[in-house]
Amino acid sequence: MPSDDLTITDNRTGQTYTIPIKDGAIRAIDLRQIKTAEDDFGLLSYDPSFENTASCRSAITFIDGDKGILRYRGYPIEELAEKSSYLEVAYLLVNGELPRKKELEEWTYNVAHHTLVHENIRKFMDGFHHDAHPMGMLLTGIAALSTFYPDAKNVTEPDERRMQIYRTIGKIPTLAAFAYRHRLGMYYVYPDDDLSYAGNFLNMLFKMGEIKYKPNRVIERALDVLFILHADHEQNCSTNAMRSIASSNVDPYSAMAGAIGALSGPLHGGANQAALTMLAQIGSKDKVWDFVKRVKQGEERIMGFGHRVYKNYDPRAKIIRRIAEEVFETTGRNPLIDIAVELEHIALQDDYFVERKLYPNVDFYSGIIYQAIGFSVDMYPVLFAIPRTSGWLAQWDEMMRDSATRIARPRQIYDGEPARPYMPIGKRRSS
Ligand code: SDX
């Protein structure tokens, strides 16, 4: 008679154990009863990059990597990209439902009225070199906010968490724009709350001498859709960092500084910058074959390709590819897109990539759009961090409401030295 459990026989002792299965998983702690002696610690599960470990239960984002499916709170990403706005999606991620008109108005009002930062933040920004990487500046700015809002430490209070969610979603574009303007040696542009979320960001980045900045509608909408696509992605590296750091009950700004650090890595959110640099280095379509050869020899990686979860085309990459053509109608065609399309075409037909199920991911085409809009290449991870803020905060709030949440503290397999006596300096061997 089938039953929802595993029967495990430990061949070291001949003992048999029954381990319950729930939602397609076993609880790792249930392995601890499997011992060879009373004083045995019990079995651990070893999963160094969490390849097969669920760290939490979450209702926010669903991904089917084999089918290339991505849904926020059950809504397909394709529909949200076509019909929604970033702020509406941020509300959906945090609250679990699409907002009604009055709820969206209140949410928009609350975010828009938390876009200003303390004037002292300017002093932090002014302290950076002109060529400081903007992700380092953003990380610093977010960490600094934890010192301006001591009430953020009340992480167990839902109303306090809500206030920090408004503040952080509101202020992250301002911090990013201040970093961008500092590197150009330009004055800081303050938020214009009459504009949309993406429109105001463009205003703080690109406003020059005009009295009121008017965003290009095509670019404003393209950026808003790109923000939707980057908003959340279940337990990715930076979200895992957010949850792990926040599990100590530290304030969300300190946790988010860690998440921004994780996202900066070239294997994660830094891949959009690395992908653009890679395409520029390839230089022309006729050089793609040589590059692919070097990848297959293990000398290079196609940045913006491959994914731990997607073993099919990243649905976000398909949408970004379409947005690129729309943006080019306004900005002019970025020739790097032809190299990217050729690279994708060759890779998707080559056994090396097919066998490893390597497809374009969210970072493959996004940098080409950002370059066409006029962003410097090291701003691209910042353009990932801004929208991912709502995902990080939604995951944080969900974790803080989950009664199963305890401080994250993994175990290890110790394979170091056994106990040994202190060695006088004259008798030590060279390490
Ligand atoms: C993001 O997790 C998320 O959800 C992340 C993200 C999100 O929204 O938060 O989707 C955003 O981070 C997207 C990924 C951006 N990173 C890149 O584009 C960097 C390039 N891609 C990789 O380095 C890699 O594919 C990862 C990091 C994305 C996934 O790494 P895994 O799952 O650890 O896979 P792996 O490194 O073990 O590779 C498996 C095999 C290896 O070959 P073999 O050793 O078996 O011969 O595939 C090869 C790798 O060499 N491989 C690649 C490759 N990615 C993997 N070969 C060439 N080019 C690549 N891009």
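The values are calculated or read from the model by the stated rules, or taken from the named source; none is laboratory data. Just so you know, these numbers come straight off a predicted model, no measurement behind them. No Cβ is skipped: glycine too gets one built from the backbone with ideal geometry, and neighbour counts run over all protein chains shown. To get the accessible areas, we keep the full protein, side chains included, count just its heavy atoms, and leave off ligands, DNA and RNA. Shrake-Rupley method; radii C 1.70, N 1.55, O 1.52, S 1.80 Å.
Tabulated data for the structure shown
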{"quantity": "Test: Ala394 is more than 30 Å from Leu43 (Cα to Cα), of a type in the set (A, V, I, L, M) and in contact with a helix residue (DSSP H, G or I) (Cβ under 7 Å, 6 or more places away or on another chain)", "calculated": "yes"}
{"quantity": "Odd one out for Val288 among (1) among the β-branched types (Val, Ile, Thr); (2) assigned by TED's automatic domain parsing to the domain that holds Thr147; (3) open to solvent by less than 10 Å² (accessible area, probe 1.4 Å)", "calculated": "(2)"}
{"quantity": "Among (1) buried (at least 21 other Cβ atoms within 10 Å of the Cβ); (2) modelled with pLDDT under 95, the one test that Ala177 misses", "calculated": "(2)"}
{"quantity": "Single unsatisfied condition, Tyr422 versus (1) among the aromatic types (Phe, Trp, Tyr); (2) touching a helix residue (DSSP H, G or I) at 6+ places or on another chain (Cβ under 8 Å); (3) surrounded by fewer than 24 Cβ atoms within 10 Å (Cβ to Cβ)", "calculated": "(2)"}
{"quantity": "Test: residue in the stretch 24-31 that is in a loop (DSSP other than H, G, I, E, B), in contact (Cβ under 8 Å) with a residue 60 or more places away in the chain and either of a type in the set (A, V, I, L, M, F, W, C) or closer than 21 Å to Arg316 by Cα (or both)", "calculated": "no"}
{"quantity": "Every residue from the stretch 245-280 that is farther than 30 Å from Asp338 by Cβ and touching a Pro at 6+ places or on another chain (Cβ under 9 Å)", "calculated": "Ala246, Asp251, Ile260"}
{"quantity": "Which listed residue is open to solvent by 10 Å² or more (accessible area, probe 1.4 Å) and either among the hydrophobic types (A, V, I, L, M, F, W, C) or without any contact (Cβ under 8 Å) to a residue 24 or more places away in the chain (or both), from Asp151, Asp126, Asp131", "calculated": "Asp151"}
{"quantity": "Unique residue being in a helix (DSSP H, G or I), assigned by TED's automatic domain parsing to the domain that holds Pro158 and of a type in the set (Gly, Ala, Ser) when the list is Ser248, Ser238", "calculated": "Ser238"}
{"quantity": "Helices (runs of 4 or more DSSP H) completely within the stretch 346-412 that count 3 or more residues being within 16 Å of the ligand (Cβ to nearest atom) and crowded, with 20+ Cβ neighbours inside 10 Å", "calculated": "363-373, 380-401"}
{"quantity": "Criterion (under 22 Å from Ser403 (Cα atoms), open to solvent by less than 70 Å² (accessible area, probe 1.4 Å) and part of a helix (DSSP H, G or I)) met by exactly one of Val89, Val94", "calculated": "Val94"}
{"quantity": "Only one of Arg409, Arg388, Arg420, Arg428 that is of a type in the set (D, E, K, R), touching a Ser or Thr at 6+ places or on another chain (Cβ under 9 Å), on the phi < 0 side of the Ramachandran plot and free of Cβ contacts under 8 Å to residues at least 40 places away in the same chain", "calculated": "Arg409"}
{"quantity": "Filter result for Lys287 (more than 15 Å from the ligand (Cβ to nearest atom) and part of a helix (DSSP H, G or I))", "calculated": "yes"}
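Matching residues to (1) open to solvent by less than 40 Å² (accessible area, probe 1.4 Å); (2) in a loop (DSSP other than H, G, I, E, B):
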residue	(1), (2)
Arg122	no, no
Leu138	yes, no
Ala143	yes, no
Arg162	no, no
Met186	no, yes
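Conditions (1) surrounded by 23 or more Cβ atoms within 10 Å (Cβ to Cβ); (2) in contact (Cβ under 8 Å) with a residue 12 or more places away in the chain; (3) touching a Cys at 6+ places or on another chain (Cβ under 6 Å); (4) at positive phi, marked per residue:
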| position | (1), (2), (3), (4) |
| --- | --- |
| Asn240 | no, yes, no, no |
| His268 | no, yes, yes, no |
| Leu276 | yes, yes, no, no |
| Ser284 | no, yes, no, no |
| Gly306 | no, yes, no, yes |
